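For reference, the structure is listed below as structure tokens.
No lab work stands behind these numbers, since they all come straight from the coordinates. Please read all numbers here as calculations on a predicted model, not as lab measurements. We place every Cβ from the backbone using ideal geometry, glycine too, and count neighbours over all the protein chains shown.
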Amino acid sequence: MSAVAYSPLNDLPGPYEVGNMFRILMGRTVSAKTRPGSPSTVSGTDQVAVYVDDQGEIMAICLCSVGLAAAVGAALSMLSPQMADEASARSELPETMRENHYEVMNISARFFNSPYSPHVRLQAVHQVDQGLPAPLRTALGRLGAWSQLDIEVEDYGTGTMLLAHIGQTMAQPTAENEELRAYTRAAIAAEVVLATPDGDMVMGMARDLSIRGAYITCDQVLDMGAACTLLLFAPLADGQRKVKVGAQVVRLDGQGLAVRFTMVSEEAQATIGELVMMKASDPDKVAQEIRLL
Amino acid sequence: MRILIVDDSRAMRMIIRRALRQAGYGSHDVYEAENGQEALGEVERHQPDLVLADWNMPVMNGMELLQSLTSKGSRIPLGFVTSECTPQMRRRARDAGASFFIAKPFTSDVLQAALAPFFR
């Protein structure tokens, strides 16, 4: 089985991941759709969030139209939708909205963090027409893989978001457990809780999932070979569903751990299969793997 | 139960309050602080049973708050609720005595699972 080629391109979140994260944050319906075509021309009132690595190098940006920044900034703390409309029309965010949008961009750093890429964090958010630092202007001319979305925040309005890596760095996968690699792995972002029989509990984020196992970024407090119960909050099309399975740690690395599923009910297997098929690039292959289980 | 939320983002404090309600902990007393320094004052004042703290905050960050509480002999459980969630940070938090670590954004289910041991 050939190795999965991870790259910033397939690491970037799609509409579902972005919409789901915004929905969790704002507690309301958020719809996101891929915007076809090339990235839009940068407008003077766009808000540019800059993400840097631990050396301060610009690694990624998230560019939001002022309409989206206002919608997100207002919805986060339930300001009136009218305030979002006014801010959008004036192309100027009041302080609270600006702070809230900053917080959303801060949390959005997770879109660029994966086990296969350098750690990045939000450095700053700039409005384009208020002057951009020279390194950022240079970076904007070197966009790498990108994902552009149209986003609608229920009651608060719409706008566009461009997530982009800077440059074209290709990250490499680390060594994997060969048995798990034999199954199609879908990139996901789903909260998990790992509980050991002695009561230790680890929160983590499932970063990829197959019908037989998962890779989870988390604290490495579980031992190699440890048995645990894995609670996965599966982000499905009709909402979040909890899945509980028995699992065993089969690999530890500097970023997290891989688990193999050891005890899976029919219902849990069906949910996991549904999620992997939804996220995988080749759902037919996943369907075949499920039939052969 | 008395719960202290420590986060420099007003919106995030509100979101944590909302998640606490949704997780079934709405009847408890909830207090807020904007940073670790302020939190130390609130701990003195209210003697909370649980602290939920952001990691990155001005004046005094969450890790400094945890270390300060520990150095004073405090046994109040403190969990991090933060957007920064590298494995290294999780290890540091655990080594320093943090009770749990939740990455933002989080659902009320995740909060419920993390807090359940403290409400038994």
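Structural remarks
- Extending 7 Å from the Cα toward the beta-carbon at both B:Glu44 and A:Gln240 defines two label points whose distance is 3.8 nm.
- When +1 charges are put on Lys and Arg Cβ atoms and -1 charges on Asp and Glu Cβ atoms, the dipole computed for region A:8-166 relative to its Cα centre reaches about 300 debye.
- Within chain A, longest stretch free of exposed trypsin sites (Lys or Arg not before Pro) [DSSP loop, at most 16 other beta carbons within 10 Å]: A:143-293
- Positive end of the dipole of region A:8-166 (Cβ unit charges, origin at the Cα centre): among A:Gly27, A:Leu162, A:Val48, the Cα lying farthest that way belongs to A:Leu162.
- The long axis of helix A:81-90 is offset from the longest Cα principal axis of chain A by roughly 50 degrees.
- Within the shell defined by Cβ-Cβ distances under 11 Å, the residues around A:Ser91 carry a net charge of -3, with Lys and Arg each +1 and Asp and Glu each -1.
- Rounded FRET efficiency, nearest 0.05, which uses the C-beta distance separating A:Ser281 from A:Thr229 and R0 of 51 Å: 0.95
- With Cα atoms, 0 to 90° folded angle of helix A:95-107 axis to chain A main axis: 30
- Structure-based [θ]222 nm, the protein assembly as shown - -39500 (n - 2.57) summed over DSSP H runs of at least 4, per residue, nearest 500: -9500 deg cm²/dmol
- Once the Cα atoms are used to define both axes, helix A:266-279 deviates from the longest principal axis of chain A by about 40 degrees.
- Of the residues A:Met78, A:His119, A:Val153, the one whose Cα sits farthest toward the positive end of the charge dipole of region A:8-166, with +1 on the Cβ of Lys and Arg and -1 on the Cβ of Asp and Glu, is A:His119.
- Cut-off 15 Å, label 7 Å out along Cα→Cβ of A:Asp54, residues of region B:46-73 by amide N: none
- Projected label points at A:Glu95 and A:Ala270, each 7 Å from Cα along the beta carbon direction, are separated by 5.4 nanometres.
- Summary value for chain A: 17 percent relative contact order, contacts being C-alpha pairs under 8 angstrom separated by 6+ residues.
- Over all pairs of different C-alpha atoms in region A:14-76, the reciprocal of the mean inverse distance, the Kirkwood hydrodynamic radius, equals 13.4 Å.
- In nm, spacing of pseudo-spin labels at B:Arg2 and A:Ala195 (7 Å Cα→C-beta vector): 3.0
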